[in-house]
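**Student:** Have a look at this one before I ask anything.
Quick note: the coordinates plus some simple rules give every number you see, no bench work behind them. Keep in mind that what you see is a predicted model, and the values were worked out from it rather than measured. FYI the Cβ positions are ideal-geometry reconstructions off the backbone, even for glycines, and counts take in every protein chain you see.
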Amino acid sequence: KNCKVITIDGPTASGKGTVAHRVAKHLGFQYLDSGALYRLTALSAINAQVALDDELSIAAMARVLPCHFNHGHVYLADKDVTDEVRAEQIGVAASRIAVLPQVRQALVDLQLSFRTGNGLVADGRDMGTVIFPDAVLKVFLTASAEARASRRYKQLKEKGIAANMEDLVKDLIERDARDSSRTTAPLKPAPDAYVLDTSAMTAEQAVQQVLDWYAQVA
Ligand code: C5P
């Protein structure tokens, strides 16, 4: 428990991935992209043609998820699925399996195992509320739906993935609703979280704010 944790939670495309990754790099901490674990689980289910509401089967797959992470790349059973898991339909599938309590439970130990070395920056929906309640710093990043949709649009475009703004806003609102209304680990700020609205901020400014807060508690 000497390994300090910073949690960065927030809705889809709030910028938490970019911010968390840069903060981790700056501090020399490990980085956990917990959303990737839900995406990998969803991809495994789809590959195995398991229905996305088959809680028992998906939880069983999540418990032995053959994934590893290396230099920003994500592997599932040794196959590089970095781009595949970022696809919008995998995000939507991930949010569907993420409502299943046994699937969430099955991913707990894997998430805890990232807590090694000097420290950990963990990003997701329930990092500060459920997985790392003893984090030294909890941040909740938000941004307007418009700001988030246009960021996601840019990201996808840069990767050469076709995207449509109208569909993105629709997916985003649908995904927010599902993440916020589920009974197990809903998306909400921890009572002791700092809330940061990044709608009018650059990633650099958001990173600096998190580092400033960390300097106060470290
Ligand atoms: O953050 P990302 O968009 O990659 O997450 C994909 C989906 O996984 C989210 O919409 C959410 O439903 C789920 N998720 C979750 N808890 C986390 C991280 C992600 O429920 N800690």
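**Student:** Mind checking which pairs have a first residue in region 117-136 that is among the acidic types (Asp, Glu) and a second that is more than 13 Å from the ligand (Cβ to nearest atom) and assigned to a loop (DSSP other than H, G, I, E, B), Cβ under 9 Å, 6 or more apart or different chains?
**Tutor:** 134/1
**Student:** Within region 79-104, which residues are part of a helix (DSSP H, G or I) and more than 16 Å from the chain's Cα centre (by Cα)?
**Tutor:** Correct list: 101, 102.
**Student:** Go over the candidates 108, 169, 103, 130 one by one and state the one that is out of contact with any helix residue (DSSP H, G or I) (no Cβ under 6 Å at 6 or more places or on another chain) and surrounded by 15 or more Cβ atoms within 10 Å (Cβ to Cβ).
**Tutor:** One residue alone meets the criteria, 130.
**Student:** Can residue 20 be described as small (Gly, Ala, Ser) and within 21 Å of residue 156 (Cβ to Cβ)?
**Tutor:** Spelling it out, residue 20 is indeed small (Gly, Ala, Ser) and within 21 Å of residue 156 (Cβ to Cβ).
**Student:** Next question, about the same structure. What is the residue count in region 112-129 for residues that are in a helix (DSSP H, G or I) and touching a strand residue (DSSP E or B) at 6+ places or on another chain (Cβ under 9 Å)?
**Tutor:** Count: 3.
**Student:** Scan region 142-183 residue by residue and report those that are farther than 20 Å from residue 96 by Cβ and basic (Lys, Arg).
**Tutor:** 151, 154, 157, 159, listed by residue number.
**Student:** Turning to a different aspect of this structure: Give me a count of the residues in region 122-149 that are within 25 Å of residue 63 (Cβ to Cβ) and within 14 Å of the ligand (Cβ to nearest atom).
**Tutor:** Let us first name the residues in region 122-149 that are within 25 Å of residue 63 (Cβ to Cβ), namely 122-135.
From what's left, within 14 Å of the ligand (Cβ to nearest atom): 122-133, 135.
Number satisfying all stated conditions: 13.
**Student:** Taking the conditions exactly as written (within 14 Å of the chain's Cα centre (by Cα), of a type outside the set (A, V, I, L, M, F, W, C) and either part of a helix (DSSP H, G or I) or loosely packed, with under 15 Cβ neighbours inside 10 Å (or both)), does residue 22 satisfy them or not? Write out each step before concluding.
**Tutor:** Values: within 14 Å of the chain's Cα centre (by Cα): no; of a type outside the set (A, V, I, L, M, F, W, C): yes; either part of a helix (DSSP H, G or I) or loosely packed, with under 15 Cβ neighbours inside 10 Å (or both): yes.
So residue 22 fails the test.
**Student:** Of the residues 200, 177, 162, which single one is out of contact with any helix residue (DSSP H, G or I) (no Cβ under 9 Å at 6 or more places or on another chain) and exposed (fewer than 15 other Cβ atoms within 10 Å of the Cβ)?
**Tutor:** Of 200, 177, 162, the one residue that is out of contact with any helix residue (DSSP H, G or I) (no Cβ under 9 Å at 6 or more places or on another chain) and exposed (fewer than 15 other Cβ atoms within 10 Å of the Cβ) is 177.
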